[in-house]
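To keep things clear, I will list the structure first and then write my remarks on it.
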Amino acid sequence: MKFYRLFILLIVIITCARANAQSGYASVKLPVLGKNDTIRVAGTNVDGEMIPWIPLHEVVIYANRIFKSPAERTAYNRLRYNVMKVMPYALYAKRRYEQLEKDIALTTEKKQQKALVKQCDKEIKEMFNREIKELTITQGQILTKLIDREVGRTTFDIVKETKGGFTAFLYQSVARVVGHNLKSTYNPQEERDIESIIISSGFYQ
């Protein structure tokens, strides 16, 4: 009997809530639609009037940079050219490494995991032989930093995780001979010009 009374009480509460909601919705003033108003958007009840709205992408406004001298402007333009040159490679490394991690996570077979790593290594080497080997020393140094920025690991750490510590040591030794450091990390506070170039260049749009 008590359960029956509780059930009746719940029905009354739900009915009243629906009635209040419908009456509240009916009191809201809806905007007048035109013949071209065919796109559904979100709306917010503001003092009894339904205001339509849509989310917009953030718009960042940058001030024109003032250089102290023509030499400073030239140096900045050279840096911008180098960053624009190597940033696509860093983004490729990020996407390829993320895909490798996903593929490895989907299999528990060591043989298959090694095959996935080998395939990734082959693709990276092909890109190196085709394009990256033409980079200057400065561009290579920037690239190693940007890989750390995008992947969250240094180039040395990536090679160590995928090929082993000994191979990473050999790669690092060769890189040091030609002026590179695979252990280079990225600090946005120290690389403010590079960070500004990346953000203002629309790579993530």
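So if I check each of Ile147, Ile198, which one is more than 25 Å from Tyr62 (Cα to Cα), at pLDDT 80 or above, among the aliphatic types (A, V, I, L, M) and within 16 Å of the chain's Cα centre (by Cα)?
Only one candidate passes the filter, namely Ile147.
May I ask you to list pairs of residues, at least six apart or on different chains, whose Cβ atoms are under 6 Å apart, with the first in the range 30-49 being among the acidic types (Asp, Glu) and the second being open to solvent by 80 Å² or more (accessible area, probe 1.4 Å) and not in a loop (DSSP other than H, G, I, E, B)?
Glu49/Lys29
For the range 62-92, how many residues meet the condition of being of a type outside the set (S, T, N, Q), closer than 13 Å to Asp193 by Cα and open to solvent by less than 70 Å² (accessible area, probe 1.4 Å)?
Residues in the range 62-92 being of a type outside the set (S, T, N, Q), closer than 13 Å to Asp193 by Cα and open to solvent by less than 70 Å² (accessible area, probe 1.4 Å): 6 in total.
I'd like the residue in the range 65-86 that is among the β-branched types (Val, Ile, Thr) and in a helix (DSSP H, G or I) and, out of all such residues, is farthest from Glu134 (Cα to Cα).
Thr74
Based on what the data block shows, is Asp121 surrounded by 13 or more Cβ atoms within 10 Å (Cβ to Cβ), in contact with a Ser or Thr (Cβ under 9 Å, 6 or more places away or on another chain), within 30 Å of Asn64 (Cα to Cα) and not β-branched (Val, Ile, Thr)?
For Asp121, the condition - surrounded by 13 or more Cβ atoms within 10 Å (Cβ to Cβ), in contact with a Ser or Thr (Cβ under 9 Å, 6 or more places away or on another chain), within 30 Å of Asn64 (Cα to Cα) and not β-branched (Val, Ile, Thr) - is not met.
Considering only the range 142-196, state which residues are in contact with an Asp or Glu (Cβ under 9 Å, 6 or more places away or on another chain), open to solvent by 50 Å² or more (accessible area, probe 1.4 Å) and farther than 22 Å from Cys120 by Cα.
Matches in the range 142-196: Thr185, Pro188, Gln189.
The values are calculated or read from the model by the stated rules, or taken from the named source; none is laboratory data. Here the structure is a predicted model, which is why all the values come from computation and not from measurement. Note: ideal-geometry Cβ built from the backbone for every residue, glycine included; neighbour counts use all protein chains shown. Accessible surface is based on the protein model in full, side chains and every heavy atom, while ligands, DNA and RNA are left aside. Shrake-Rupley method; radii C 1.70, N 1.55, O 1.52, S 1.80 Å.
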